Amino acid sequence: MSFDLSTLPPGRVREVVRAPAHVLATAGPEVDPTDPEVVQLCADLVATMRVSPGCVGLAAPQVGVSAQAFCVDVTGHPKTRAGHGLVVLVNARVVESSRNERAREGCMSVPDLTGDVKRATRVTVRGHLPGTGEETEVVTDAFEARALQHEIDHCAGLLFLDRVAGAHALHARQVYLDAPAP
Ligand SMILES: [Zn+2]
């Protein structure tokens with residue numbers, strides 16, 4: 001079930017910070033999903049994701065805020081199987097995962113590189129909805145599972161660069177707009 005964007009205030013587009021910004025390497029704290037500042041942050045994340053070509057997800061540290069909040073929307077991406085439309089979560093955790101697979105990943109905060117990253121292909125993610133603070137669970141696979149793990153990593157101060165097996169698993173980005181940039 002897609003997140004109801006009408007529950008958030010209008011979002012403002014924020015500047016996306018790039019590695020090696022300190023905030024990207026810092027584990028974000030848990031935050032109160034009902035706090036109006038957190039709700040606004042979530043709205044801003046969605047607005048910024050929406051104006052960024054090829055962007056399928058964005059986490060709070062990427063707009064310079066150390067906090068556990070992110071959005072994902074893999075709708076229409078060719079590698080997507082399960083898809084929940086817009087997902088916006090606060091204090092999210094992977095509570096179950098299985099079936100690892102290595103695949104190419106990109107990131108708006110690391111614009112010049114992509115990397116081969118091993119991630120679970122099936123995950124259960126639990127977190128809170130901004131606004132109501134209601135706990136929710138997302139069970140998904142394939143590309144959406146990868147995007148969720150990528151954003152949860154951002155909230156923990158980790159980039160895909162921290163997950164690659166070595167320099168051989170990094171690649172120069174050739175066609176910027178065609179590669180997913182969660
Ligand atoms: Zn990223």
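The values are calculated or read from the model by the stated rules, or taken from the named source; none is laboratory data. Predicted, not measured: the structure shown is a model, and the values here were computed from it. As a convention, Cβ positions derive from the backbone with ideal geometry for all residues, glycine included, and neighbour counts pool all protein chains shown. Calculation scope for accessible area: heavy atoms of the full protein, side chains included, ligands and nucleic acids excluded. Shrake-Rupley method; radii C 1.70, N 1.55, O 1.52, S 1.80 Å.
Some notes on this structure:
- Residue selected from region 84-111 under the condition within 13 Å of the chain's Cα centre (by Cα) and among the small types (Gly, Ala, Ser), by the criterion farthest from Phe160 (Cα to Cα): Ala92
Residues checked against (1) closer than 17 Å to Met108 by Cβ; (2) of a type in the set (Ser, Thr, Tyr); (3) without any contact (Cβ under 8 Å) to a residue 60 or more places away in the chain:
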site: Asp4; (1), (2), (3): no, no, yes
site: Thr7; (1), (2), (3): no, yes, no
site: Glu15; (1), (2), (3): yes, no, yes
site: Ala27; (1), (2), (3): no, no, no
site: Pro33; (1), (2), (3): no, no, no
site: Val46; (1), (2), (3): yes, no, yes
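- Top-ranked residue in region 19-46 [being open to solvent by less than 20 Å² (accessible area, probe 1.4 Å) and hydrophobic (A, V, I, L, M, F, W, C); ranked as nearest to Val74 (Cα to Cα)]: Val46
- Going through (1) part of a strand (DSSP E or B); (2) open to solvent by 10 Å² or more (accessible area, probe 1.4 Å); (3) at pLDDT 95 or above one by one, Val123 falls short only on (2).
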